[in-house]
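Everything below concerns the one structure shown next.
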Amino acid sequence: MEKIAFILFMFSSLVQGQNAVLKGSFYPVKKDISWVNELFSFNKDDFHLTIRHCQGLTIGKGKYKIIGDTLLLDFKDYPVKNSWNLIKSKQEKSDSITFSVTVYDEQDGSVLPGVNLIVKDKNLDTESDSIQVNGFTSDINGNVSLSIQNDAKERIIFILSIGYMPVEIPVDKNVGNYQEYKIHLGFNSYFQKGDNKKYRIEKSNANNFTILHRNDYKVKLARISKRKYEKLKTRNY
């Protein structure tokens with residue numbers, strides 16, 4: 001009986017120790033050599049995760065639980081600011097739909113030249129199946145004007161630029177056959193409902209824990225202040 005009681009005590013202490021660790025905010029003691037670093041914040045069974053990498057931030061929040069030595073993250077929908085805005089539309093006598101687009105950097109508001117715009121059939125999955133239309137590249141002022149046939153096909157305008165997250169605009173023929181847009185390209189992506197992620201916890205105590213991931217690479221995370229967390233949460237490399 002004494003041996004069983006001791007085992008139960010040790011198991012209880014381990015679980016309590018892990019739960020105690022998952023309170024507050026944590027960041028790697030040393031930056032990952034692959035430039036991918038997780039910033040965690042835990043409150044009861046809620047979490048907020050910001051993965052900071054060379055291309056920007058990947059952000060998510062939801063509920064977490066620990067099963068054995070595994071930290072399981074179950075994401076919920078994350079509110080995302082609309083990356084495009086229709087600022088003007090009108091109906092004209094034409095067999096085509098004309099789009100006037102200006103592309104901006106989401107962070108500093110500067111215009112973005114050389115951005116590629118692809119018209120893509122809504123039912124096609126890959127860019128290789130898309131219809132590339134000549135002239136769909138923004139000029140030095142970030143402007144581009146393009147026209148597509150006003151037919152029964154459902155299409156999407158796909159906006160691409162190296163280093164930025166792509167943006168998709170569904171073509172809405174009911175808005176009018178002249179449409180003017182402002183596009184803001186950013187570096188951030190977001191986890192949404194249905195996404196999940198897991199980490200193996202190798203070591204833990206009240207002030208730090210070590211996770212094992214990416215080909216068994218060990219990452220030690222230490223507790224940080226709320227002020228430092230808020231600063232890191234929105235800062236890119």
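The values are calculated or read from the model by the stated rules, or taken from the named source; none is laboratory data. Being a predicted model, the structure only gives us computed values, none of them experimental. Every residue, glycine as well, gets a Cβ built from its backbone with ideal geometry; the counts of neighbours run over all protein chains shown.
Just a few scattered comments:
- Within the stretch 30-86, the set of residues being under 23 Å from Gln107 (Cβ atoms), free of Cβ contacts under 8 Å to residues at least 60 places away in the same chain and part of a loop (DSSP other than H, G, I, E, B) comprises Lys31, Pro79, Lys81, Asn82.
- Against the conditions (1) surrounded by fewer than 17 Cβ atoms within 10 Å (Cβ to Cβ); (2) under 22 Å from Ile67 (Cβ atoms), Phe209 satisfies every one except (1).
- When Leu124 is tested against (1) part of a loop (DSSP other than H, G, I, E, B); (2) surrounded by 13 or more Cβ atoms within 10 Å (Cβ to Cβ); (3) modelled with pLDDT of 90 or more; (4) among the aliphatic types (A, V, I, L, M), only condition (3) is not met.
- Scoring Gln179 on the criteria (1) within 30 Å of His48 (Cβ to Cβ); (2) touching a residue at least 60 places away in the same chain (Cβ under 8 Å) leaves a single failure, condition (1).
- Of the residues examined, Phe158 is one that is part of a strand (DSSP E or B), touching a residue at least 24 places away in the same chain (Cβ under 8 Å) and under 25 Å from Pro79 (Cα atoms).
- Some residue of the stretch 80-93 being buried (at least 16 other Cβ atoms within 10 Å of the Cβ) and within 30 Å of Tyr199 (Cβ to Cβ): yes
- Among residues of the stretch 207-216, those that are in a strand (DSSP E or B) and either within 12 Å of Asn37 (Cα to Cα) or free of Cβ contacts under 8 Å to residues at least 60 places away in the same chain (or both), counted: 4
- Options Pro170, Pro166: the member that is without any contact (Cβ under 8 Å) to a residue 24 or more places away in the chain, of a type outside the set (Ser, Thr, Tyr) and out of contact with any Lys or Arg (no Cβ under 6 Å at 6 or more places or on another chain): Pro166
Yes/no per residue for (1) modelled with pLDDT under 90; (2) exposed (fewer than 15 other Cβ atoms within 10 Å of the Cβ); (3) among the β-branched types (Val, Ile, Thr); (4) closer than 15 Å to Lys193 by Cβ:
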| residue | (1), (2), (3), (4) |
| --- | --- |
| Val36 | yes, no, yes, no |
| Leu39 | no, no, no, no |
| Asp45 | no, yes, no, no |
| Leu49 | no, no, no, yes |
| Arg52 | yes, no, no, no |
| Gly56 | yes, no, no, no |
| Ile59 | no, no, yes, yes |
| Gly62 | no, no, no, yes |
| Thr70 | no, yes, yes, no |
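- Residues (modelled with pLDDT under 90, in a loop (DSSP other than H, G, I, E, B) and among the small types (Gly, Ala, Ser)) located in the stretch 177-206: Gly186, Ala206
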